[in-house]
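First, the structure itself, so that you have it in front of you.
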Amino acid sequence: MKHSTEALIELARQYHPPLGVYPHEPEYRETVEARRLAERRQQAVADYPSWLAFLGRLGKRLPDCGIANKVMYLAKLPEGNCYAADLWLPTLPNDVGGHALCFQVSFLGPYYVLYSSRFLWRDEKDAFGYRLSGPGEERFDLTPEEKTYADRLVPEIEAGFPGYELMPPEIGHVVISDLQHESRVPGEATIYDCLIDAQWIPRKKDA
């Protein structure tokens, strides 16, 4: 990786204030770090058409897979730290379940993450008549079958985002104990939280 763990922590500190200023307080949004993050998010909104163009190219390069954009809100709403999408694999029939490679591309630093997600449909339906899914399984360690698709996906990500590298979980799960993330318990935010977005990423105990 082009950055050491210490350098990534310093990068995170540029966008998230130190402990002592809480997200629910007006002062949080007025910190230098929060304003800097807001500016990057506004730029991500401005660059959103480029993300859509990338997904369009990806769909043409991998026509046997499906593409699901997970950040459609960035068309207008400046939120999060990354662009994100799922590459749905043709490894499970649609009536059986779903199987995807999920990837997130940071707009705070030159890094992305990649992991797999898989679920099976249950026989039960909800109150609206839709089938319920069983518990999903998200993993960083890819199966040989998943790796064949990752070998096609990764070059496309790195060509679409020159200079970007994969951030491995042993780096991303490092806790930064002295800063305040807007949606994490004080002192518990990780590098993934601060520079990408951990709401979708497999937790450390599941990785």
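The values are calculated or read from the model by the stated rules, or taken from the named source; none is laboratory data. Keep in mind the model is a prediction, meaning the values are calculated, not measured. Cβ atoms come from the backbone with ideal geometry, glycine included; neighbour counts cover every protein chain shown.
In segment 83-106, what residues are modelled with pLDDT under 95 and out of contact with any Gly (no Cβ under 9 Å at 6 or more places or on another chain)?
Within segment 83-106, Thr91, Pro93, Asn94, Asp95, Val96, His99 meet the criteria.
Related question: Run Thr91 past the list (1) part of a loop (DSSP other than H, G, I, E, B); (2) within 14 Å of the chain's Cα centre (by Cα) and report the number of the one that doesn't hold.
That leaves (2) as the condition not met.
Let me ask something else about it. Is it true that His181 is surrounded by 14 or more Cβ atoms within 10 Å (Cβ to Cβ) and over 14 Å from the mean Cα position of the chain (by Cα)? Can you show your working first?
Working: surrounded by 14 or more Cβ atoms within 10 Å (Cβ to Cβ): yes; over 14 Å from the mean Cα position of the chain (by Cα): yes.
So His181 fits the description; yes.
Restricting to segment 147-204, name every residue that is under 21 Å from Ile9 (Cβ atoms) and among the charged types (D, E, K, R).
Those that are under 21 Å from Ile9 (Cβ atoms) and among the charged types (D, E, K, R): Glu165, Glu170, Asp178, Glu182, Arg184, Glu188, Asp193, Asp197, Arg203, Lys204.
Could I ask something else about it? Would you mind finding the one in Gly109, Gly59 that is modelled with pLDDT of 95 or more and assigned to a loop (DSSP other than H, G, I, E, B)? Can you show your working first?
Working: Gly59 fails: assigned to a loop (DSSP other than H, G, I, E, B).
It is Gly109.
Counting only residues that are under 14 Å from Leu19 (Cα atoms) and touching a helix residue (DSSP H, G or I) at 6+ places or on another chain (Cβ under 7 Å), which one in segment 161-181 is modelled with the highest pLDDT?
Keep residues of segment 161-181 that are under 14 Å from Leu19 (Cα atoms), which gives 175-181.
With touching a helix residue (DSSP H, G or I) at 6+ places or on another chain (Cβ under 7 Å) added as a condition, the list becomes 176, 179, 181.
On the way: Ile176: 94, Leu179: 91, His181: 88.
Applying the filter and picking the extreme gives Ile176.
Counting just the residues of segment 69-88 that are in a strand (DSSP E or B) and out of contact with any Ser or Thr (no Cβ under 6 Å at 6 or more places or on another chain), which one comes out surrounded by the fewest Cβ atoms within 10 Å (Cβ to Cβ)? Give the steps one after another, and end with the answer.
At the first step, the residues of segment 69-88 found to be in a strand (DSSP E or B) are 69, 82-88.
Restricting the remaining residues to those that are out of contact with any Ser or Thr (no Cβ under 6 Å at 6 or more places or on another chain) gives 69, 83-88.
Working: Asn69: 15, Tyr83: 26, Ala84: 24, Ala85: 21, Asp86: 19, Leu87: 24, Trp88: 18.
Residue satisfying both the conditions and the ranking: Asn69.
Also, quick follow-up: Just to be sure before I move on: is Glu145 in contact (Cβ under 8 Å) with a residue 40 or more places away in the chain, over 22 Å from Met1 (Cβ atoms) and surrounded by fewer than 17 Cβ atoms within 10 Å (Cβ to Cβ) in the structure I sent? Break it down into steps so the answer makes sense when it comes.
On the way: in contact (Cβ under 8 Å) with a residue 40 or more places away in the chain: yes; over 22 Å from Met1 (Cβ atoms): yes; surrounded by fewer than 17 Cβ atoms within 10 Å (Cβ to Cβ): yes.
Yes, satisfied.
Determine the pairs where a residue that is in contact (Cβ under 8 Å) with a residue 60 or more places away in the chain, located within segment 60-74, has a partner that is surrounded by 12 or more Cβ atoms within 10 Å (Cβ to Cβ) and assigned to a strand (DSSP E or B) with Cβ atoms under 7 Å apart, the partner being 6 or more residues away or on another chain.
What qualifies is Leu62/Leu87; Cys65/Leu87; Cys65/Trp88; Lys70/Ala84; Lys70/Ala85; Lys70/Asp86.
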